[in-house]
1. With helices defined as uninterrupted DSSP H runs, which ones in chain A have an alpha carbon span along their own long axis of at least 15 Å and mean Kyte-Doolittle hydropathy of at least 1.0?
2. If a/c stays under 1.5 just call it rounded; otherwise compare a/b with b/c (prolate if a/b is bigger, oblate if not). Do that for the range A:1-260, with a ≥ b ≥ c from the square roots of the Cα gyration tensor eigenvalues.
3. Could you work out the helix-only [θ] at 222 nm for the protein assembly as shown, with each DSSP H run of four or more residues adding -39,500 (n - 2.57) and the total divided by the number of residues, to the nearest 500 deg cm²/dmol?
4. Counting Lys and Arg as +1 and Asp and Glu as -1, what is the net charge of the other residues whose Cβ lies under 13 Å from the Cβ of A:Leu353?
5. Roughly what angle does helix B:354-368 make with the longest principal axis of chain B, taking Cα atoms, 0 to 90 degrees, to the nearest 10?
6. By how many nm would the segment from A:Leu57 to A:Ala266 grow when fully extended, if each residue of separation counts as 0.36 nm and the alpha-carbon distance is taken off?
7. First check a/c for the range B:330-433, with a ≥ b ≥ c the square roots of the eigenvalues of its C-alpha gyration tensor; if it is under 1.5, answer rounded, and if not, answer prolate when a/b is larger than b/c or oblate otherwise.
8. Determine the shielding of peptide B:377-390 by partner chains: average, over its residues, the number of Cβ atoms on other chains within 10 angstrom of each Cβ.
Amino acid sequence: MILILLLILIPLLSGILTFFVKGNGAKGLALLSSFVTLALTAYVVSASYAAPLTFSLPWIPHLGTSISLLADGMSTTLCLLTSIVMTVVFISNWNKEVTNPHAFYALMLLAQAGLMGVFLASDALLFYVFWELALIPVYFLCSQWGGERRIAVTFKFFVYTFLGSLLMLSALIYLAIQNIGDNSYSWANIVHAGSSLSAGQQQWLFCLMFVAFAIKMPIFPFHTWQPDTYEQSPTPVTIVLSALMVKMGLFAVIRWLLPSLPQGVAFWSDTVIVLCIIGIVYASCLAMVQTDIKRLIAYSSIAHMGLMCAAVFSQTNMGLHGVMVQMFNHGINITGMWLIVSMIESRWGTRDLTKMGGLATTAPRMAIAFVIISFANIALPLTNGFIGEFMLFNGIFQGNSPYHISFMVIAGLGVILGAVYTLTMVQKVAYGNEVAQGAKSDLTTNEYVALAIIIVIVIALGVYPKPLLDMTSGFVSHMIP
Amino acid sequence: MKAIIAATILGIIMMFAGFMSKDKKAVTTLATLLMVALFGVSIWEVMDTPASAPVSLFHDMLRIDHYALWFNMLMAGCATLYILLVGKEIRKIGSYVSEYFALIFFILCGVFLLTSYNNMLMLFLGIEILSIPQYILAGSDKRNLKSSEASLKYFLMGAFSTCILLMGITLLYGATGTFSILSFSFLSADMVNPMALAGIILIMVAFAFKVSAAPMHMWTPDVYDGSPTPFTAFMATIVKVSVFIAFLRLFHASFGTISTRWTLALSVITAATLLIGNVTAVFQQSVKRMLAYSSIAQAGFMLFAILSVNATAWQGIVIYAVAYTVATVGMFSVLMKLKDYTYDGFNGLAKKQPLLAFYTTIFLLSLAGIPLTGGFMAKYYVLFAAMQQGQLLWLIIFALLMAAISVYYYFRVIIAMYFKEGNAELEVEVTGADKFLMGLTCIIIILIGVLPQLFLNNV
């Protein structure tokens with residue numbers, strides 16, 4: 001079905017077009033493109049509800065690769081997330097002045113195209129191409145529009161992820177040469193090739209591939225690029241990074257790693273879960289002592305990603321299903337968080353928590369939104385975070401590992417710590433003494449719309465999560481035999 | 001054969017053109033036209049020769065097959081692009097412009113010999129025809145001390161490596177009693193004459209000299225840095241990749257059967273080349289010198305094609321040759337526009353010349369091997385070939401680590417252009433024609449990255 005290809009082509013072409021638009025037309029074009037993509041994604045979601053959609057076109061047959069796309073429950077969920085987040089970002093950024101708007105919006109759209117491609121590709125080489133293509137625009141976005149330490153920080157991020165992807169590429173080539181043909185990179189072929197290798201081969205191939213994904217997520221100890229990059233990036237880019245790009249890592253583990261290297265996964269899963277849990281506790285502790293609000297949320301994101309990754313490697317239906325649900329929810333929640341942070345920063349001119357206070361009196365509507373999103377972030381019942389996190393813990397608890405109970409208990413500590421730092425942050429920002437300096441205006445219309453979209457999703461999926469569960473359940477049932 | 005004859009005749013015409021006209025511009029135009037003619041002749045020859053039947057000439061000393069012709073055509077195309085991009089700069093080097101162009105035609109004649117030799121004598125002849133004009137070109141900026149130094153250094157080192165090659169050929173002749181390269185393939189792994197083996201190792205060392213593989217790379221940075229920039233661009237690209245074809249032909253077609261005997265030595269050379277090329281490039285302050293080390297690093301990747309004795313390697317080296325040549329020539333053509341060759345010279349170029357900076361970014365992304373550029377496909381092909389060969393996994397992982405390092409020095413230029421404040425000063429004006437040609441170069445790079453099969457034509 002050609003429509004899936006359009007999901008990539010529309011952002012790509014409008015991105016290229018945006019480079020040549022002068023002035024305010026750029027953001028208009030970007031918003032228009034994101035709306036069209038969103039509508040199309042919604043259609044693809046409904047069309048792929050019954051059975052996955054596929055699309056295939058020959059590309060380089062003698063290399064065994066083709067342009068083949070697959071829209072199943074998991075990929076459409078993430079495409080939907082990408083479209084929603086991009087739309088929200090463009091709406092909230094509407095009244096902000098950006099230098100060189102044409103380049104900024106063009107690169108954002110190109111990043112969107114890359115992300116869509118990663119989520120839809122069902123050919124390993126195509127997947128790799130999009131994986132890198134999503135990175136290049138983000139590199140330029142961070143380096144051009146970021147904070148004062150942006151160049152060194154972004155460069156570290158780029159080299160880290162590039163190294164990881166190269167290692168992944170070597171693993172993919174190794175899998176592809178197992179049976180050379182016209183389709184040696186197709187998903188089915190990679191999975192078949194990988195699962196017929198010996199246990200020893202699967203174990204080291206796992207290492208090569210997992211490093212790439214672990215850097216992207218990021219998993220302790222590969223996380224060191226993340227807080228700096230989130231802090232230094234401009235907010236729209238931070239959103240793209242934390243809501244969407246980190247999902248590429250989780251997505252890739254579920255789509256490419258779990259099915260193709262089952263024995264490697266079995267061998268390493270305990271190690272990975274231990275790393276994830278160290279990451280959860282470590283990041284939560286660090287989050288508690290941060291005074292910079294952006295860094296606080298960055299560390300909390302590491303903790304959340306760690307929990308999701310641990311649930312993936314528990315290898316239970318419940319855990320996997322929970323991860324798919326939570327990938328969507330985390331993307332929505334963290335977008336809301338960053339939006340509020342950027343609104344606060346633009347009004348008060350600071351990100352230092354010790355200098356904040358009294359948001360509830362100066363900007364009550366913003367404070368309410370902030371509190372709701374914070375609750376969703378700590379997975380309070382009736383917010384979208386709850387159902388996902390519940391399933392994640394349930395999954396870890398059901399896991400095959402002999403240590404599953406201790407995993408569950410220590411990971412649970414992360415929730416408590418999460419509540420501690422999130423509520424402390426809410427208290428410091430929203431209540432207490434009013435801040436003297438800075439503008440005291442409440443939400444502008446576009447900010448209001450952007451936050452309203454987020455909050456509606458938060459509450460709607462918190463009360464009635466069934467549509468999201470149904471979307472992803474089909475995929476889970478054929479993932480694990 | 002047509003291309004070899006054409007290159008010689010056109011070279012002679014170029015030489016005599018110097019007597020006819022003292023107008024440098026007219027001479028440059030003539031050279032461009034003749035190069036296009038050479039490109040045309042090589043296309044004609046590809047079309048004219050059936051793919052299945054190689055032409056054998058001079059008692060089988062030359063064996064011109066489809067692969068060789070296709071590669072010749074690509075190199076003639078690259079040379080045309082090169083002349084178009086840097087022809088104006090060659091004019092500025094000295095007063096004997098027509099001779100420089102003539103020497104370039106003679107080098108191409110050597111290139112065409114190297115792609116189709118079937119006899120060690122032809123290999124030697126090709127290498128010499130290729131090298132001697134380069135020694136002259138390296139020293140063509142006569143009043144510049146660095147240029148003279150480069151020329152002398154290149155000549156001494158080149159002569160030295162030629163001696164090693166000759167010694168290798170002699171030993172091999174002693175062991176086998178023949179110069180014909182196809183006769184060597186009877187060498188079998190379990191019973192190799194030690195004399196033949198010593199000969200093979202010496203030939204490998206000589207080739208390593210010519211392609212500037214470590215530890216025989218010492219001459220490269222000084223020669224590339226000292227030579228006039230237009231000629232550096234030629235030596236580092238077309239000449240180097242053509243020597244690789246000769247390297248590949250000999251080691252696969254003749255010594256392929258005993259590859260286990262020489263793979264280890266060549267793997268060590270490859271690892272050393274990658275390490276020294278990439279790590280040293282990081283510490284350079286001059287972009288021109290960085291490109292010299294980058295050419296060493298890229299040679300390390302091309303050595304993978306020699307290491308992997310299979311059909312993918314033959315395709316990979318063609319893709320690598322074109323992708324690397326086009327991107328490097330493009331990069332040098334940008335460099336020649338600038339006044340200051342250090343990284344600081346690029347500061348703020350994006351504000352002053354957005355299009356030029358964009359093109360430079362594409363060239364650099366290709367050199368770094370980012371997907372959708374030719375550089376990615378090139379690296380992909382050679383690594384795929386090496387993976388198929390097996391047993392080289394440690395080297396592949398090492399090469400990937402080195403590729404990540406290479407991002408550091410390539411992206412430093414991008415960072416300087418886009419994210420640093422500065423006023424990049426141009427030495428010469430960037431004309432519309434320049435922009436068009438660089439844009440064409442970028443399109444070729446993207447085309448290799450997206451549809452590499454167009455550049456292979458079933459070779």
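1. A:2-18, A:25-47, A:73-92, A:101-120, A:124-145, A:150-176, A:199-216, A:262-289, A:293-313, A:364-377, A:404-430, A:445-463
2. Numbers: a/c = 2.11, a/b = 1.35, b/c = 1.56.
Taking the square roots of the gyration eigenvalues as a ≥ b ≥ c, the range A:1-260 is oblate.
3. Working: 38 runs with 682 residues, N = 940.
One gets -24500 deg cm²/dmol as the mean residue ellipticity at 222 nm.
4. +2
5. 20 degrees
6. 71.8 nm
7. It comes out prolate by the Cα gyration axes.
8. 3
Readers should treat all values here as calculations from the given coordinates under stated rules, not as data from a laboratory. Every value quoted in this text rests on a predicted model; they were computed, and no experiment measured them. Here the Cβ is made from the backbone with ideal geometry for all residues, glycine too, and neighbour counts use every protein chain on show.
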